[in-house]
Amino acid sequence: MLKFRNTTILFTVIIAVLLLAKILLAWPVWPIGIAALIYLTVLFFGSYRIDSQFYLPVVCSAKTNDKKIAISFDDGPDEHYTPRILSTLKEFHFPAIFFCIGKKIGGREKILKAITDAGHLVGNHSFSHDFWFSMKSAENMNLDLSAADDEIKKIIGVQPKLFRPPYGVTNPNIRKAVEYGRYTAVGWSIRSMDTVINDRNKLLSKLKSSLRPGAVILFHDTSLTMAEILPEFFQEIKNRGYEVVRIDQLLNLKPYA
């Protein structure tokens, strides 16, 4: 399986051989350029496919034939949609994990507390959720994640151990930050695309066709369309005999430090 380290070693050898062939045998330079382009393409793919585990181990689903799944929400807490989602979860008796952004907690402390009071989990989704988060140094990432931990711990009294990288992007610096903070990186196996798909029927159809044992579903508690279709999708889950369990139980993870 391709990983950052063995991929880098492989392409370093390939480019070195091609460079040597150019010097000694007068080979053209274009094979070196093609090899470098392929290498950069693999790095890009590894960064934006969290389930590739190219840069670091990321837990994305459970290997099981049991009809059990886990539900997760990113980018909250949100004063408009998080309470509505909590109400729907309560109605169906479904647990979930909320990967929260630290800077959004101020002024929404009661919502964060309501999440854990209802038996749901809270994970770290960074403090800033900056678009350029993945470009930061590992040291700055550590500071960012620690700031989110501090905000969360002030409200719920425990420090998250589960971390979901902003935008699902990974790279060597994120790996270092995860290792330094002793987090467990958590991804997903079903991406709802609820921040992009505004058509209720299209979103529901995508979710229903994706449902499978061991899945971790990614939602956002910032989406009106998602909040609207959630009751119908939850009913579909029940009708098809699936059980929704907490992500720590499905993936056998420790949620707090």
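Here, each number is a calculation from the coordinates, and none is a lab measurement. All values reported here derive from a predicted model rather than from experimental measurement. Note: ideal-geometry Cβ built from the backbone for every residue, glycine included; neighbour counts use all protein chains shown.
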Positive-end residue of GLY46, LEU20, ILE197, charge dipole of the chain with Cβ unit charges: LEU20
How large are Rg and Dmax for region 1-138 when only the alpha carbon atoms are used, in Å? 22.8, 73
Using a simple spin-label model with points 7 Å from Cα along the Cα→Cβ vector, what separation in nm is obtained for LEU253 and THR8? 2.5 nm
Cα-based Debye curve of region 165-256 sampled at q = 0.17, 0.19, 0.24 Å⁻¹ gives log₁₀ I(q)/I(0) of -0.85, -0.99, -1.27
Mind jotting down the distance between the C-alpha centroids of region 155-183 and region 207-257, whole Å? 22 Å
Report P(r) for region 96-185: all Cα-Cα distances, bin width 10 Å, range 0 to the bin holding the largest distance, values in whole percent. 18, 55, 24, 4
Let me know the shape class of region 4-48, please: from the alpha-carbon gyration tensor, a ≥ b ≥ c as square roots of the eigenvalues, rounded when a/c is under 1.5, otherwise prolate if a/b is greater than b/c, or oblate. oblate
Subtracting the Cα-Cα distance of SER137 and SER87 from 0.36 nm times their residue separation yields 14.1 nm
Please report, in cubic angstrom per residue, the volume enclosed by the convex hull of the alpha-carbon atoms of the chain. 138 Å³
What distance in nm lies between label points placed 7 Å from Cα along the C-beta direction at ASP66 and LYS206? 3.0 nm
Give me the base-10 log of I(q)/I(0) for region 134-190 at each q in 0.15 Å⁻¹, Debye formula, one uniform scatterer per Cα, rounded to two decimals. -0.42
Is any residue of region 225-254 close enough, with backbone N under 20 Å, to a label point placed 7 angstrom from the Cα of ASN198 along the Cα-Cβ axis, and if so, which? 225-230
Distance cut-off 21 Å, Cα to Cα: go down the list LYS3/LYS67; LYS3/LYS254; LYS104/LYS154; LYS113/LYS238; LYS3/LYS206 and report the pairs above it. LYS3/LYS67; LYS3/LYS254; LYS113/LYS238; LYS3/LYS206
To the nearest 0.05, the calculated FRET efficiency linking ASP130 and LEU24 through their beta-carbon distance, R0 being 51 Å, is 0.60
